[in-house]
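Below you'll find the structure, written out as structure tokens, and then a few comments.
No lab work stands behind these numbers, since they all come straight from the coordinates. Since this is a predicted model, take the numbers as computed values, not measurements. Glycine gets a Cβ as well: all are built from the backbone with ideal geometry, and neighbour counts include every protein chain shown.
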Amino acid sequence: MEKNIIQVEDLSKSFDISSKEPGIKGTVKHFFKRETKSIEVIKNINFQIKKGEIVGFLGANGAGKTTILKMLCGLIYPSAGNLNVTGYLPYKRRHNFLKNITLIMGQKQQLIWDLPPIESFYLNAAIYDIEKYEAKRRIKKLSDMLEIDKELFIPVRKLSLGQRMKAELLASLIHKPNILFLDEPTLGLDINAQRNLRKFLQIYNKETDATICLTSHYMKDITSLCKRVICIHEGCITYDGKLNKLLKKISPLKDILIVCKTDKDAKELSNSGFTIKSRNQKEIIISIKKELIKPSLKEILNKFDIEDLYINEPPVDEIIGNILIKGKV
Amino acid sequence: MSYLNRNKIITLLKVQYSNMLEYRVEIALWAISGIIPFFMLNIWTNNNLNESINLSNVMLSRYFLSAFFVRQFSVVWVVFTFEEDALLGKISPYLIQPLNPFFRYIAQHLAEQITRFPFAIIIALIFFIFNRESFWVPNIGIFLLSCISTFFSFLIQFLIQSIIACLCFWTEKASSVERLFFIPTLFLSGLLAPVISFPEYVKSWIYITPFPYLIDFPANLLSGNKTNIIEGFIMQLFWISILFPTFRKIWSMGTKKYTAMGS
């Protein structure tokens, strides 16, 4: 039984936010009297994460996913609750804790803009007390894995977004962290770069048994990396469990594309009482409850002359999109 | 405070020096823009003001050249960089590294000083071409002491600005507080006039502030003017010993307030 590497109990976080009415009157009022209110963005959440797990945090914009990651890595202080990451209180920022974690934010960079990434890598290696020889070895290995060995000596400002993101990843992993906090790591990357990054993270997780906490708006990141997801809605956890289970729970239907041999069969099938999602001449898509697939298919094959059929899951983006909108699981 | 070793210091300086060399033209212009002391020298000598403080033209020239050098190696701008980094969330990645981000800023300043050095030498050579009688070579002991006092001056200014910079955890425009400090720094540090020339009632309290130890003390030391070396160093160390724990305290309080805005 793997032990919990992250433990969160009754964690809450509030921010004081000042509001200002529009126009001159609002500006003058704001100048003399600032109205601030405390907004609770995370509300008494609880969860545990085991070593080696890859967990995806799902939620709409402003749900509190990034705030949770920021608290887990020690960047911000929690307002209440208990937090334990690898045996440390993250917000104390002890060196031994910081040497074990990394935070990668898709929209923030740590590389020095006017210098080639290799300079930032060596700087990070020195900061994490890594010997030069070992740093060289790690840079070589990671740059091979990320396929950026040619870009190491080009100033960061001249790199493409994808190349820069890979370099950011290398800079963040040079100290071999056991826990990776990734906040939208594929933001703005093209499809190939996204795929490569996901592949890299899978390999890294397999090779090092690192724990990965991930937020992303690209569902492919979540579905290809995370077995477990935590859904956040308005600062509360609405679901914590396996992604497959969530998809089954949310969408008990499957789509079946049936290609009939004749128009007549297609017409008869459309009127036979099944839920028709769409029809295009001889092609019909019907939605069937998962537990009724076997008898329904038997009935269709017996009654109609069928040329071909395909069983599809409804698109994950569509299902998760619905969770994000409704917030309910 | 973060653990610092030789390897970290050297790597930080090397990387920041490489970075500063990318801006060499900008730094040359900054070095040239620091010639206020020469303007002040011109005003003093043209109006024979030096007679009122019993300082010869030669000694006054040396004073202002030294003030120029001290200024070149003690300029601090951390408040502006830090404010931008904190408000835009750029310091977030550095806050979760096992090194206080202020070491990066110190390294940036020191790297900039190294980059300024050749430009400062060129300006000094030009100065000596036009003021041959002012040429002097300080003895090695005095030179080393003035280097140390210039570094202490840099440290005092860096700590003052860092404390002000940390205010941006509470108020978003900490740099406006720094502007309040700029005026006394300009007038009381000795950049515009040697502190010895100030009225007696000003001198009676000015020496308990950190300002005269920023330019006046190191410049007098380097130029060979009369100055109390022991008292100067004691006061510099006194201010560092006050400012350093203040900075640590305010940093520790400020980071608790940090909200990682913009990320």
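Of note:
- Value of [θ]222 nm, deg cm²/dmol, for chain B, DSSP H segments ≥ 4, -39500 (n - 2.57) each, nearest 500: -22500 deg cm²/dmol
- Computed on the range B:112-218, with alpha-carbon pairs under 8 angstrom and 6+ residues apart, the relative contact order is 28 percent.
- FRET efficiency for the pair residue B:246 and residue A:245, taken as 1/(1 + (r/R0)^6) with r the Cβ-Cβ distance and R0 = 60 Å, rounds to 0.65.
- The packing ranking of peptides B:41-47, A:66-72, B:10-16, highest mean first, is A:66-72, B:10-16, B:41-47, where packing means the average number of other beta carbon atoms within 10 angstrom of each residue.
- Shown for the range A:171-239 is the translational diffusion coefficient from the Stokes-Einstein equation, using the Kirkwood radius over Cα pairs, a temperature of 25 °C and a viscosity of 0.890 mPa s: 188 µm²/s.
- Pairwise label distance in nanometres, residue B:173 with residue A:95, each label 7 Å out on the Cα-Cβ vector: 4.0
- Orientation-averaged projection of the range B:126-242 equals 9.0 nm² [convex hull of Cα atoms, one quarter of hull surface area].
- For the range A:34-80, the C-alpha radius of gyration divided by 2.2 N^0.38 Å, with N the number of residues, is 1.35.
- Selection from B:113, B:128, B:138 lying farthest towards where the dipole of chain B points positive, charges on Cβ: B:113
- Computed across the range B:1-106, the Kirkwood radius stands at 17.1 Å (inverse of mean 1/r, all Cα pairs).
- Approximating the spin labels as points 7 Å out from Cα along Cα→Cβ, the residue B:209-to-residue A:289 distance works out to 8.4 nm.
- Considering only B:30, A:284, B:81, the residue lying farthest towards the positive end of the dipole of the protein assembly as shown is A:284, judged by Cα position with unit charges set on Cβ.
- Working note: 222 nm ellipticity from helices only, DSSP H runs with n ≥ 4, each -39,500 (n - 2.57), summed and divided by the residues of chain A, gives -11000 deg cm²/dmol to the nearest 500.
- Put a dot 7 Å past the Cα of residue B:28, heading toward its Cβ, do the same for residue A:209, and the two dots end up 5.8 nm apart.
- Distances between placed amide hydrogens fall under 5 Å for residue A:239 paired with A:231, all partners being 5 or more residues away or on another chain.
- If the convex hull is drawn through the Cα atoms of the protein assembly as shown, its volume per residue in Å³: 218
- Summing charges over all other residues whose Cβ lies under 15 Å from the Cβ of residue A:19, with Lys and Arg as +1 and Asp and Glu as -1, gives +3.
- Other protein chain C-beta atoms within 10 Å of residue C-beta, averaged over B:11-19: 4.
- Inter-chain neighbour count for A:118-129: the average number of beta-carbon atoms from partner chains within 10 Å of each residue's beta-carbon is 5.
- With 26 Å as the limit on Cα-Cα distance, the pairs of A:136/A:220; A:99/A:141; A:50/B:257; A:50/A:248 that go past it are A:136/A:220; A:50/B:257.
- Of all beta bridges that DSSP places with both ends in the protein assembly as shown, some 70 percent have antiparallel geometry.
- Peptide B:93-104 - average C-beta neighbours from other chains (10 Å radius): 6
- Axial C-alpha extent at least 18 Å, average Kyte-Doolittle at least 1.6 - helices from chain B (DSSP): B:140-166
- Within the protein assembly as shown: Cβ-based charge dipole about Cα centre, in debye rounded to nearest 20 (Lys, Arg +1; Asp, Glu -1): 1340
- Shown here are the Rg and Dmax of the Cα trace of chain B, at 19.3, 60 Å.
- Net charge, residue B:97 excluded, C-beta distance under 10 Å - Lys, Arg +1, Asp, Glu -1: +3
- Options A:46, B:95, A:161, ranked by Cα towards positive dipole end of the protein assembly as shown, top entry (Cβ charges): A:46
- Residue exposure sequence - B:153, A:14 - by fewest surrounding Cβ within 10 Å: A:14, B:153
- Radius of gyration and maximum dimension Dmax of the range B:12-72, Cα, Å: 16.2, 49
- Given charges at beta-carbon only (K, R positive; D, E negative), |dipole| of chain A in Debye: 560
- Based on every Cα atom in the range A:252-313, Rg and the maximum pairwise Cα distance Dmax equal 10.4, 30 Å.
- The relative contact order of chain A comes to 19 percent, based on Cα pairs under 8 Å that sit 6 or more residues apart.
- Each of the peptides A:171-181, A:86-96, A:103-113 was scored by the mean count of other Cβ atoms within 10 Å over its residues; in descending order, highest first, they stand as A:171-181, A:103-113, A:86-96.
- Using only alpha-carbon positions in chain A, the gyration tensor eigenvalues give semi-axes of 43, 28, 21 Å once each is multiplied by 5 and square-rooted (largest first).
- Rh (Kirkwood; distinct C-alpha pairs) - the range A:235-283, Å: 13.6
- Label zone at residue A:310, where the point sits 7 Å out along the Cα-to-Cβ direction: the range A:268-301 residues whose backbone N lies under 16 Å: A:277-287
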